[in-house]
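Where a number appears in this text, it was derived from the coordinates with a stated rule and is not lab data. From a predicted model like this one, the values you see are computed outputs, not experimental measurements. As a convention, Cβ positions derive from the backbone with ideal geometry for all residues, glycine included, and neighbour counts pool all protein chains shown.
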Amino acid sequence: MDIQNYSLLKYFITNDSLTLMELTTQFQVSKRTMLKYIQSLNLELKGIAEIKENRQRYYLKVIDFKRLTSLQTGFLKQSLDLNDPLKRQAYVILTLIKAQDFIVLDDLADELMISKGTLNRDLADLKQLLHSYQAQVISVPSKGIKLQVKHDFNYALLLKFVSNYYAFDELLTKATLKQTLPADLLSEHTLVLIENNLAILQVLVQSQHRLEEPIMFYQEITDRVQFQSLIQAAATRLGVQLTETEIQFLCYPFNLKINRATKERLTENRLVWLKQLFDNVEIKVKSEIDSRLEFDHVFEQIKYHLLFMLNRVIFHVQTDNLLSNEAVGKYPIALELATATAQGLGKQVQVEIPEAEVNYLVIYFEMEIEEQNSQRLQQKAAIVGQVSRSIKRFIIRQLNDLFQDSIEVVSFATERELIQSNERYLIIFSNRPIQVWNQTTPVVRINSVFRTDEMLCKIQVAQVEEAIAHNWCDFQVTTLDTALGYYAGTERLIETEIDQGRLNQNFLKAWQRREKETNNVFENGIAIPHVIDDSPAATSILLRIGIFKQPVKYQNRPVRFIFLIGIPQKLDQNLNRTLSQLYDLIFMISRQPSLAANLLDYDDTQPLTQITEGI
């Protein structure tokens with residue numbers, strides 16, 4: 001397998017399904033070339049997995065999970081392509097760790113079959129990476145280079161930079177490992193980690209690097225008696241008595257999840273320590289964005305995940321990226337909370353929390369936000385006119401399925417009875433036109449219940465209209481000059497609001513930083529740049545829709561609509577709910593051509609519900 005096929009396979013593994021446009025954008029190739037890549041990859045994956053297509057979306061169907069894992073690790077460890085800077089980097093680190101003295105640069109360049117200039121550039125990049133591990137490559141004229149590492153962090157360098165690229169010598173066979181440990185403690189993943197740790201210990205012991213200093217911020221929560229046979233077998237094969245730190249390193253895979261070796265007392269002590277860290281994070285997070293979440297409740301829901309997340313991060317255990325960047329972009333508040341939490345925890349334990357772990361936190365925070373938003377009065381729908389019981393039951397079922405909630409349906413014989421009820425309804429069903437006092441409530445024909453997409457469109461637009469009426473959403477639509485393009489067009493939207501005192505320069509700078517870090521352009525011609533708004537006027541969600549007369553290209557994707565969102569630092573239940581409704585509406589517009597077409601002809605003298613006309 002070549003590097004192109006490996007990169008494509010890895011991208012499919014970390015994403016559920018992908019359009020051809022998403023693939024061509026990611027790999028910067030034409031559609032024709034991408035289809036050739038997919039065909040080539042399928043040939044290599046024969047009998048293991050297959051890239052399949054369904055309704056213009058491509059996805060990975062796995063046939064043999066074990067062989068797929070072996071294929072991935074085999075590619076990294078067996079293909080010694082020293083044209084790959086990451087593999088050269090791994091080779092240099094491993095060579096420096098094994099060396100007892102200085103290494104001459106010319107000799108190392110010859111081993112790598114690269115020029116001395118290329119090696120010096122590699123070393124310059126490597127020095128930047130090593131800084132966070134309190135390690136450095138020192139250079140002495142006429143002697144060469146040598147690796148200096150504090151706190152016995154050689155194990156961390158081997159874990160992070162080397163183990164994925166080199167197949168170390170096997171210290172204990174799988175069969176031996178299975179004999180030394182209870183079967184219910186030895187999952188396939190744990191077995192792989194233990195094998196890797198044994199191999200790293202062998203490299204360190206043979207290179208006269210012993211682990212003596214405690215592993216910072218790490219604490220076991222398991223009963224070590226369960227692992228004595230493993231510890232003894234490792235010591236015998238290595239020919240040394242393992243230090244306390246070496247035992248901790250060897251056995252950390254048993255401290256990545258709850259198992260029968262987990263000791264309740266040790267776990268509770270660790271959670272007390274973790275709560276102190278989380279309380280410190282809460283102070284910082286609330287200073288940046290006040291979502292009105294109950295952080296004590298959040299901690300109770302998330303504490304075990306955080307406990308094992310920190311252990312994973314300390315030992316650089318990789319986690320699959322559960323959410324793509326586009327999926328994460330749909331949950332801006334949860335993303336801000338997760339990012340701030342990860343940064344706060346990481347700073348306290350002196351590690352960097354990787355993106356994949358942050359994405360898991362996004363899910364937890366989004367669940368908390370949705371739970372908070374669900375704590376509201378029961379929604380009601382109304383039926384005006386005579387309908388049979390079976391039709392009423394069908395309407396109730398359809399609404400409950402649509403909203404994953406229990407919707408109460410109230411029947412009125414006449415329009416007058418409806419008006420006398422003086423209540424607000426989620427939607428009103430009637431077989432003839434009626435006039436309602438609340439323009440944010442959609443009135444639909446009873447047969448609309450059979451057209452769920454259109455019915456949902458009208459409800460979601462009406463909910464945003466209500467938010468606008470209550471000043472929870474500051475809403476405007478404007479036309480943008482196509483010549484500006486996406487970036488300058490967004491900048492123009494922001495600067496206009498700054499001139500009017502609605503936004504400030506901090507918002508502009510924050511947006512510019514975000515554009516460098518992530519892609520805010522989604523499918524079907526929509527872009528959703530969003531930033532926390534710390535301006536004093538920010539008491540509502542700002543939504544500015546910029547419309548290009550013709551689609552423009554940005555990062556190889558078409559953009560017709562810019563949905564600029566400013567999120568206040570302080571969020572109450574109404575604002576949280578409004579933000580969720582705005583995102584629902586935006587993605588509904590991206591999926592419904594009729595809504596998008598109506599938005600192109602938007603009349604700012606009419607309510608937002610105009611975009612549902614004729615659908």
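Some observations on this one:
- Rounded to the nearest 20 debye, the dipole size of segment 380-450 about its Cα centre is 220 debye, using +1 on the Cβ of Lys and Arg and -1 on the Cβ of Asp and Glu.
- Using 0.36 nm per residue and subtracting the Cα-Cα separation, the extra length available between R121 and E212 on full extension is 29.5 nm.
- Think of the chain as having a plus end and a minus end, set by charges on the Cβ of Lys, Arg, Asp and Glu; of T609, M34, F308, M34 sits farthest toward the positive end of this dipole.
- Three semi-axes of the equivalent ellipsoid, segment 3-71, Cα gyration tensor, whole Å, largest first: 19, 13, 11
- Taking amide H as placed 1.01 Å from N in the peptide plane, V410 has its amide H under 5 Å from the amide H of A381, A382, I383, each at least 5 places away in sequence or on another chain.
- Which of F161, I231, L172, positive extreme of dipole for segment 152-244 (C-beta unit charges): L172
- Rounded to the nearest 20, the Cβ-based charge dipole of the chain about its Cα centre (Lys and Arg +1, Asp and Glu -1) stands at 1140 debye.
- Normalised contact order of segment 264-374, rounded percent, pairs of Cα under 8 Å and 6 or more residues apart: 34
- Our compactness index for segment 29-185, the C-alpha radius of gyration over the empirical 2.2 N^0.38 Å, is 1.38.
- Over all pairs of different C-alpha atoms in segment 264-374, the reciprocal of the mean inverse distance, the Kirkwood hydrodynamic radius, equals 14.2 Å.
- Total formal charge among the other residues, if their Cβ is under 9 angstrom from that of D474, Lys/Arg +1 and Asp/Glu -1: +2
- FRET efficiency for the Y59 to L86 pair, using the beta carbon distance and R₀ = 41 Å, is estimated at 0.90.
- By the count of neighbouring beta-carbon atoms within 10 Å, fewest first, D474, D84 end up ordered D84, D474.
- Relative to the current alpha-carbon distance between N280 and S17, full extension at 0.36 nm per residue lengthens the span by 90.8 nm.
- Every Cα-Cα pair of segment 380-450 was included, and the share exceeding 13 Å stands at 61 percent.
- Convex hull of Cα atoms in segment 532-615, direction-averaged projection (nm²): 6.8
- Multiplying the residue separation of T176 and I391 by 0.36 nm and removing their Cα-Cα distance gives an extension gain of 70.7 nm.
- Most to least packed among 396-402, 541-547 [average Cβ atoms within 10 Å]: 541-547, 396-402
- Panel order for L198, L418, by other beta carbons found within 10 Å of each beta carbon, from fewest to most: L198, L418.
- Across segment 161-315, C-alpha contacts under 8 Å between residues 6 or more apart give a mean separation that, scaled by the residue count, equals a relative contact order of 26 percent.
- Kirkwood Rh and Cα Rg combined as Rg over Rh, evaluated for segment 468-612: 0.93
- Expressed to the nearest 5 percent, the antiparallel share of DSSP beta bridges inside the chain is 50 percent.
- Table column - 3J(HN,Hα) (Hz), segment 110-120, Karplus curve with 6.51, -1.76, 1.60, x for Gly and Pro: 5, 4, 7, 6, 10, 6, 5, x, 5, 4, 5
- With the simple spin-label model, which puts each label point 7 Å out from Cα in the Cβ direction, the R513 to F450 separation comes to 5.5 nm.
- Rg/Rh for the chain, where both radii come from Cα atoms and Rh is the Kirkwood radius: 1.03
- Taking 7 Å steps out from each Cα toward its Cβ at F102 and V29 produces label points 4.6 nm apart.
- Long-range tail of P(r) for segment 92-152 (Cα pairs > 12 Å, %): 67
- Look at where the Cα atoms of segment 567-615 and of segment 194-245 average out, and the two centres are 58 Å apart.
- Mean residue ellipticity, 222 nm, helices only, the chain: the sum of -39500 (n - 2.57) across DSSP H runs of n ≥ 4, divided by residue count and rounded to 500, is -16500 deg cm²/dmol.
- For segment 163-287, the Rg and Dmax computed from alpha carbons only, in angstrom: 16.6, 54
- Of all DSSP beta bridges in segment 380-450, antiparallel share, percent nearest 5: 0
- Computed on segment 3-71, with alpha-carbon pairs under 8 angstrom and 6+ residues apart, the relative contact order is 31 percent.
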